[in-house]
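Undergrad: Starting off with a structure, shown below.
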Amino acid sequence: MTNAFRFQTVPTLVVEFGAARRLGALLRAQFPTLHTVCVVTDGFLHKSGLLKPALADLAAHGWNATVIDDVIADPPEHIVLEATARARSAGAEIVLGLGGGSSMDVAKLIAVLAPQQEQPLSDMYGVNKVTVSRLPLVQMPTTAGTGSEVTAVSIVTIGEAKKMGVVAPQLIADLAILDAELTLGLPVAATAATGIDAMVHAIEAYTSAHLKNPISDMLAIKALDLLSRNLLPACEDGSNRGAREAMLLGATFAGQAFANSPVAAVHALAYPIGGIYHVPHGLSNALVLPHVLRFNAESAATLYAELADVVVPGVTGSAESKTNALIGKLEQMIAATAIPARLRDVGIEREGLPRMASDAMLQTRLLVNNPRPVAEEDALAIYTAAF
Ligand SMILES: NC(=O)c1ccc[n+]([C@@H]2O[C@H](COP(=O)([O-])OP(=O)(O)OC[C@H]3O[C@@H](n4cnc5c(N)ncnc54)[C@H](O)[C@@H]3O)[C@@H](O)[C@H]2O)c1
Ligand SMILES: [Fe+2]
């Protein structure tokens, strides 16, 4: 018997090395009657020249492109609102997110906010709260990564430290373009952190408590296979085209999986680390991952054992020993990338752990998906183990 389920994803996915070089033509084919596109990115990517070929081809195909490059990592609310005002005054007809998760998340919100003034952003936080339609939306990731190009989620930082999600089907793009050439220059630490984020999406989607389904399972398994085999090769040689293509595809598959079978305690415990200490999202996940899996093991060992078959080929033994092998392999991979391994290594002090545990409890949207209930004292114990 199969439980009833719903699966949503982008209607069109273009996977093409070098696609950014013919972005103008791709958009012309998809949106023949439109002329003005707003490219949402961050200042570093704009200055780095990474966008140049894409912007040149937009101009060559008659697009009037406005670049909004003030996105910053873990985008705060005011950045979203200012960018929306700029898109509106530029007369944007299409919004194109071109960057990491931060740029794509801001692009999503511009697309729903720019064409209307009835529903403010403050009314959109939560699940299925967006009541308005949006501008045409295209996403092109430059990290592999958040999977934001295929998800219905946008994460905003509220006030000093709280990360909140807008989750609504309107945020699913019309078109996602995967051009691994854009990821060739991603530095090793960012390759590792964003790649581990993608692996966590696959792992948490596969063990999600309520909405796990046969399609999300299939995508999570394939994602984890691609990501676990290619993370270290991509870190060792960033110009390894095959590894970069596999990572980008794996991150998108993981995004499609968790968009329908949501992430859980690893993300809930990662958000306070990013929110309070401004640790990059992928690194925040990596710091708590092994410890959350160990906590979950008593409830999720059967599913973890299935993931161990993918990540540790040839593994044998009981579900418990396969689970240990999975956790051990993930720890080894994290260590091999040389990103920081402990909370104390990223400027967190032991006295900060109780506030993190109490903030993590606010992520009820995520915690309900965890295979084992997490109380505040459990969160504190996990942070203490990760310290
Ligand atoms: N919407 C979702 O479904 C979802 C899922 C997970 C995370 N997120 C959010 O996404 C954000 C994190 O996104 P991210 O990890 O992609 O990082 P990011 O977008 O914040 O970018 C991190 C840094 O990497 C740089 N960078 C990006 N691509 C590069 C490239 N090709 N070459 C060189 N430098 C490059 C950027 O300039 C930036 O300095 C967080 O806000 C997180 O909460 C969203
Ligand atoms: Fe994530």
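The values are calculated or read from the model by the stated rules, or taken from the named source; none is laboratory data. In this text, all values refer to a predicted model and were calculated from it rather than measured experimentally. Cβ sites come from the backbone with ideal geometry, for glycine too, and all protein chains shown count toward neighbours. Note: areas computed on protein heavy atoms with side chains; ligands, DNA, RNA excluded. Shrake-Rupley method; radii C 1.70, N 1.55, O 1.52, S 1.80 Å.
Undergrad: So what's the angle, to the nearest 10 degrees on a 0 to 90 scale, between helix 214-236 and the longest Cα principal axis of the chain?
TA: 90
Undergrad: Next question, about the same structure. According to the square roots a ≥ b ≥ c of the eigenvalues of the Cα gyration tensor, what is the shape class of the chain, taking rounded for a/c under 1.5, prolate for a/b larger than b/c otherwise, and oblate for the remainder?
TA: On the way: a/c = 1.67, a/b = 1.45, b/c = 1.15.
Prolate.
Undergrad: Probe 1.4 Å, all protein chains in place: accessible area of His35 in Å², nearest 10?
TA: 100
Undergrad: Right, next: Cut-off 10 angstrom, C-alpha nodes, Gaussian network model of the chain. Which of Thr33, Thr302, Thr316 fluctuates the most?
TA: Evaluated over the chain, the most mobile residue of the options is Thr33.
Undergrad: Just how far, in whole angstrom, is segment 188-262 from segment 265-315 if you go by their alpha carbon centroids?
TA: Using only Cα atoms, the two centres lie 13 Å from each other.
Undergrad: If you find the alpha carbon centre of segment 121-146 and of segment 34-62, how far apart are they in angstrom?
TA: First find each Cα centre; the distance between them is then 20 Å.
Undergrad: Same structure again: Provide the per-residue ³J(HN,Hα) series for segment 10-21, in order, calculated from phi with Karplus coefficients 6.51, -1.76, 1.60 and θ = phi - 60°, each as a whole number of Hz, with x at glycine and proline positions.
TA: 5, x, 9, 10, 10, 10, 7, 5, x, 4, 4, 5
Undergrad: Accessible area per residue of the chain at 1.4 Å probe, in Å²? Before the final figure, lay out each step's value.
TA: Working: 14830 Å² over 387 residues.
Each residue of the chain exposes 38 Å² on average to a 1.4 Å probe.
Undergrad: Something else about it: Angle between the Cα long axis of helix 77-89 and the longest principal axis of the chain, 0 to 90 degrees, nearest 10?
TA: Helix 77-89 sits at roughly 20 degrees to that axis.
Undergrad: With a 1.4 Å probe and every protein chain kept in, tell me what percent of the accessible surface of segment 12-182 is carbon plus sulfur.
TA: Values: 3480 of 6150 Å².
Roughly 57 percent of what the probe reaches on segment 12-182 is carbon or sulfur.
Undergrad: Using the Karplus curve 6.51 cos²θ - 1.76 cosθ + 1.60 with θ = phi - 60°, work out ³J(HN,Hα) for each residue of segment 246-254 in order, rounded to whole Hz, and write x for Gly and Pro.
TA: 5, 5, 5, 5, x, 5, 5, 4, 4
Undergrad: Which one of Gln119, Ile155, Gln8 is farthest out on the positive end of the charge dipole of the chain, using unit charges on Cβ (Lys, Arg +1; Asp, Glu -1) and the Cα centre as origin?
TA: The residue sitting most towards the positive pole is Gln8.
Undergrad: Connecting C-alpha atoms closer than 10 Å in a GNM of the chain, tell me which of Lys329, Lys47, Lys108 has the biggest fluctuation.
TA: Lys47
Undergrad: Hey, in the GNM for the chain with a 10 angstrom Cα cutoff, which one of Ile172, Ile72, Ile221 fluctuates hardest?
TA: Ile72
Undergrad: Still on this structure, please answer the following. Compute the helix-to-body angle for 265-277: its Cα long axis versus the longest principal axis of the chain, expressed 0 to 90° and rounded to tens.
TA: 60
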